[in-house]
Amino acid sequence: MRLISAHWLRQSLFRTVQRSLIIGLWALTISLGIHSHSKIQAQTSESALVLIEESKEYYDRGQFVAATEALQQALQIYQRSGERIQQARTFSLLSLAYEQLGEWQQAEKAITKSLSILDTLPKSIETKAQNQSFLDRVRAQVLNRQGRWQLARGQAKAAIETAEKAELFYTRSGDTQGIFISKINQAQAWQTLGFFRRTTKILDGLVQQLEDQPPSLIQVNSLNSLGSLFRQQGNLERSSEILSKSLALAQKLNLDSEISPVLLNLGNTKQALASQARSLNDLEQANNYQQQAEKHYQQVIVTASFPLNRIQAQLNQFRLLIDSELLVQQKPNPNFTAQNFIFPISQALEKLPASRQTIYANINFARSLMKIPSTSNYESLITTTLNKAIAQAQSLEDPRSESFAIGTLGQFYEQTDKLQLAQKLTNSALAIAQKMNAPDLSYKWEWQLGRLLANEQKRQQAISAYTEAVNDLQLLRRDLAAINTDIQFSFREQVEPVYRQLVGLLLQHDSQQELSQQNLRQARQAIESLQLAQLENFFRSACLNAEPEQLDRIVESDPTTAVFYPIILPERFEVIFKLPGQKRLQHYHSDRPQAEVKEVLAQLQQYLNEPDRTSDVKKLSQELYSWLIEPVATELETSQVKTLVFVLDGALRNIPMGVLYDSQNQQYLLEKYAIAVAPGLQLLDPKPLAGNPLNALIGGLEEERQVGGKEFSRLNNVSLELKQIQSQVAKGEQLLDRSFTSDNLRDRIDREDFSVIHLATHGQFSSQLEETFILTWNQLLKISDLDDLLQLNNPQRNSIELLVLSACETAVGDERAALGLAGIAVRAGARSTLATLWAVDDLSTARLMGEFYRQLANNQISKAEALRRAQLELWKEQSQDWQRPYFWASYILVGNWL
């Protein structure tokens, strides 16, 4: 499923968990009394129970207003009869219905009232032995409901505390399934906060508990829930493994009604794996996973006993076919296989009763149709489908669904150039979303409105709309980061363009008028927000806190440092830059479209990895120099700049800036300036390292290794590298080969504060979190383990001044691979990170690293200048041809350059 809304994806992802909670809430309420199926008779407990059963049926059909009304009637009966426990349960159920309607304040009031009633029950009720276990279970389920509400509102820490309380009450009542649900809620909250190791530990523990239990329906549903959670965590292989177990168990127990939901979930995981492989340019693997996804969806279509499961599988398969066929052709195809699904889906949708699920199914069908080339062939079907969704949403009084349907219809009219009607519908959808305080919908319609206004040349109004969209995205940071890996693959299409299009509007230049400082500052802030969002999307956690004033403060006070913000836009290459000692931002651009820039960068990245392509490197890097440096080269010289800091955008991160070539003076940028890269405008407590004695933990692998199913070649000169570093630092401890384990690293770091951690070992940077790692003797150390290893959560530890990774490389074919390097730099918590973008001859690496530490130890210079001198020193080696960029250009300094 593409990025529809953060709320809807959360609901979809945790459908099984939420269903268990809802069933428990209603079932436990009903179990308090015996009800009659006859016509309701007013003022009786039996009639209240019938109302509650009806409310559950309304809820399951997505008729939330009707569910609310039925619950309110039941509540009035319980209030008159003084049945306080039933009042607490009914208030808890009301909060569920209110949440679905987007009435968050009403939901909170209902939960608060429920807990208040439970807290004020007469002691005589609580002390009865037969009541105690039951009341514990009631309180636990209400707390679970409160925890889900807190998490939905971004209160993850409070949600953890609430879920832990719920677990205690479930434990006292002996409710095993309740304990499981509480732990899943805790796992999701920890995931949201970015504690991946703790999340994984909880999930692995739950898997183990389930495997130790006898086969059952609960086990099938629980494994299905865990499979979804592992997919959310980005651990797609583990998700596939767990869901396969759930499927095998459901088949073994002949649980026909549960097989289809598991198959649907498994198909979604396979689809996510296909998307991941495609983003890494592994098309063969992507095709394999896609075929598996199609197979699972087809099985659901054939075997599903519930119409909604069947239609969801049809919709997923339909979208999958459209996406795959658009990858290979953009023109209409008379044999378009996805067309075979249109009539059956349309007929199936007609038979579904009105509900929120039906509304979303109709919207998703229309959105898939909108992606087919020559949409005009389906204009009538699309408008009819969306108007039906709007009518159903209005009849159900479901404002969220109504806003989504109206906005989607506006998007279709935008696509078909009916702009006035598109703008009217977009404004209507936006008003509904804003009224119900749904920023996940508001941002979409503000973005859509901005596009429409920009098309009408109403630039300032368009900027205002885009700015509101970006503001809403900032509010959604946790949701966008932590929902589902589907978000990661739609991030480029549904989130990133909002920022870039805003920057494009802000930097639109009029030859008669200079851009305002306000526009330049806002554009820079927007691109910084985008980079922050990219990192949080990479981590799937909103755990980064930007302090944009820090970099400015240093540059304004440093007379020798200039900073550049290159920005790749669809139509042009923009640069904002700042000279030392100045508060004023400057700006220039090159009319180079994104496609041309990306092609140059991809070729340059390829040639840098080949030692014999120096002439090609110079030719391509000269183009980049002409766009990025040449327009201000004279100003840099007259301002006596010595250090250049780059806040790089997109594929520029894969290129070391020192290799930019000035063909007129026949010299690389590195020959004139020390160079550093900042992952954003923020720096971690920047201060110089020069003059302080270095205490280094030095580790590495020289031997050939096979770990985690991957083979790693021997690094012949690691021992030489470590020996040279040891001779240059004031104090150092060494771990080589068999002693270079994660446990030993953790033990040494636990015992002593090191200012430098130097790791000479294989490693890989990737745009995929799970494919970014550092190799130890016995483990692929994932980026999510770094904060635990380096003890970043220990306030007693001093920050690491410098982390060095001297034998790493970016993943082949991954244009955003350097995002993994930025991720390691941020996650490690080091003030500076020095790393390689590609694997280099390790003899030259050993020489360069030895010289780098010698420069740091013996001269009062910055880390950036020490690296520059060490790189240039390689050129003097007469017996080697180390002047080629392949040997010296790979090293980049990220973070504090002082």
| residue 291 vs. criteria in contact (Cβ under 8 Å) with a residue 24 or more places away in the chain and open to solvent by 10 Å² or more (accessible area, probe 1.4 Å) | no
| said: Just to be sure before I move on: is residue 267 over 22 Å from residue 183 (Cβ atoms), of a type in the set (Gly, Ala, Ser) and in a helix (DSSP H, G or I) in the structure I sent? | reply: yes
| Among the residues of the range 399-409, is there at least one that is farther than 15 Å from residue 352 by Cβ and at pLDDT below 90? | yes
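To keep it simple, each residue is scored yes or no on (1) touching a Leu at 6+ places or on another chain (Cβ under 8 Å); (2) at pLDDT below 85.
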{"position": "192", "(1), (2)": "yes, yes"}
{"position": "203", "(1), (2)": "yes, no"}
{"position": "207", "(1), (2)": "yes, no"}
{"position": "217", "(1), (2)": "yes, no"}
{"position": "224", "(1), (2)": "yes, no"}
{"position": "236", "(1), (2)": "yes, no"}
{"position": "264", "(1), (2)": "no, no"}
{"position": "267", "(1), (2)": "no, no"}
{"position": "280", "(1), (2)": "no, yes"}
| said: Tell me whether the range 623-635 contains one or more residues that are crowded, with 21+ Cβ neighbours inside 10 Å and closer than 28 Å to residue 807 by Cα. | reply: yes
| remark: Of those in the range 799-823 that are within 23 Å of the chain's Cα centre (by Cα) and buried (at least 23 other Cβ atoms within 10 Å of the Cβ), the residue farthest from residue 730 (Cα to Cα) is 817
| said: Please verify whether residue 833 is under 18 Å from residue 610 (Cα atoms), modelled with pLDDT of 80 or more, under 24 Å from the mean Cα position of the chain (by Cα) and of a type in the set (Val, Ile, Thr), treating the condition exactly as stated. | reply: no
| task | Among the numbered conditions (1) on the phi < 0 side of the Ramachandran plot; (2) more than 30 Å from the chain's Cα centre (by Cα), tell me where residue 640 comes up short. | result | (1)
| request: Return the total of residues in the range 606-615 being farther than 17 Å from residue 662 by Cβ and either in contact with a strand residue (DSSP E or B) (Cβ under 8 Å, 6 or more places away or on another chain) or open to solvent by 50 Å² or more (accessible area, probe 1.4 Å) (or both). | output: 5
| field | Residues of the range 428-451 satisfying the condition of being of a type in the set (S, T, N, Q), assigned to a helix (DSSP H, G or I) and under 15 Å from residue 100 (Cα atoms) | value | none
| said: I'd like the residue in the range 158-172 that is touching a helix residue (DSSP H, G or I) at 6+ places or on another chain (Cβ under 7 Å) and surrounded by fewer than 20 Cβ atoms within 10 Å (Cβ to Cβ) and, out of all such residues, is nearest to residue 225 (Cα to Cα). | reply: 164
| note | Listed by first then second residue, the pairs whose first member lies in the range 632-650 and is among the aliphatic types (A, V, I, L, M), whose partner is surrounded by fewer than 16 Cβ atoms within 10 Å (Cβ to Cβ) and not in a loop (DSSP other than H, G, I, E, B), with beta carbons under 8 Å and at least 6 positions apart or on separate chains, are 632/588
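Does the range 145-161 contain at least one residue that is over 30 Å from residue 440 (Cα atoms), modelled with pLDDT under 85 and outside any helix (DSSP H, G or I)? Break it down into steps so the answer makes sense when it comes.
If we filter the range 145-161 for residues that are over 30 Å from residue 440 (Cα atoms), which is where we start, we get none.
No.
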| message | Given the criteria open to solvent by less than 10 Å² (accessible area, probe 1.4 Å), within 30 Å of residue 827 (Cα to Cα) and β-branched (Val, Ile, Thr), does residue 207 qualify? | response | yes
| query | Out of all the residues in the range 199-210, is one or more over 16 Å from residue 156 (Cα atoms), of a type in the set (S, T, N, Q), outside any loop (DSSP other than H, G, I, E, B) and over 22 Å from the mean Cα position of the chain (by Cα)? | reply | yes
| said: If residue 850 satisfies all but one of (1) out of contact with any strand residue (DSSP E or B) (no Cβ under 6 Å at 6 or more places or on another chain); (2) modelled with pLDDT under 75, what's the number of the condition it fails? | reply: (2)
| task | Tell me which residues, restricted to the range 85-120, are within 17 Å of residue 62 (Cα to Cα) and among the charged types (D, E, K, R). | result | 99, 103
| said: Testing residue 729 on (1) β-branched (Val, Ile, Thr); (2) modelled with pLDDT of 90 or more; (3) open to solvent by less than 10 Å² (accessible area, probe 1.4 Å), one condition comes back false. Which one is that? | reply: (3)
| query | Can we say residue 755 is of a type in the set (Gly, Ala, Ser), at pLDDT below 95, under 20 Å from residue 851 (Cβ atoms) and surrounded by 15 or more Cβ atoms within 10 Å (Cβ to Cβ)? | reply | yes
| task | Go through the residues of the range 840-863 one by one and say whether even a single one is open to solvent by 10 Å² or more (accessible area, probe 1.4 Å) and closer than 30 Å to residue 278 by Cβ. | result | yes
| Which condition number in (1) crowded, with 22+ Cβ neighbours inside 10 Å; (2) at pLDDT 90 or above; (3) of a type outside the set (Phe, Trp, Tyr) is the one that residue 276 fails? | (2)
| task | Please work out which residue is farthest from the chain's Cα centre (by Cα), limiting yourself to the range 425-440 and to residues that are open to solvent by less than 20 Å² (accessible area, probe 1.4 Å) and small (Gly, Ala, Ser). | result | 429
| query | Could you list, in sequence order, the residues of the range 602-628 that are part of a helix (DSSP H, G or I) and among the basic types (Lys, Arg)? | reply | 618, 619
| remark: In the range 776-806, residues that are assigned to a loop (DSSP other than H, G, I, E, B) and either over 21 Å from residue 695 (Cβ atoms) or at pLDDT 90 or above (or both) total 5
| field | Selected residue [part of a loop (DSSP other than H, G, I, E, B) and either at pLDDT 95 or above or crowded, with 18+ Cβ neighbours inside 10 Å (or both)] from 570, 566, 580 | value | 580
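The values are calculated or read from the model by the stated rules, or taken from the named source; none is laboratory data. All figures in this text were calculated on a predicted structure; none of them were measured in a lab. As a convention, Cβ positions derive from the backbone with ideal geometry for all residues, glycine included, and neighbour counts pool all protein chains shown. What goes into the accessible areas is simple: the full protein's heavy atoms, side chains included, and nothing from ligands, DNA or RNA. Shrake-Rupley method; radii C 1.70, N 1.55, O 1.52, S 1.80 Å.
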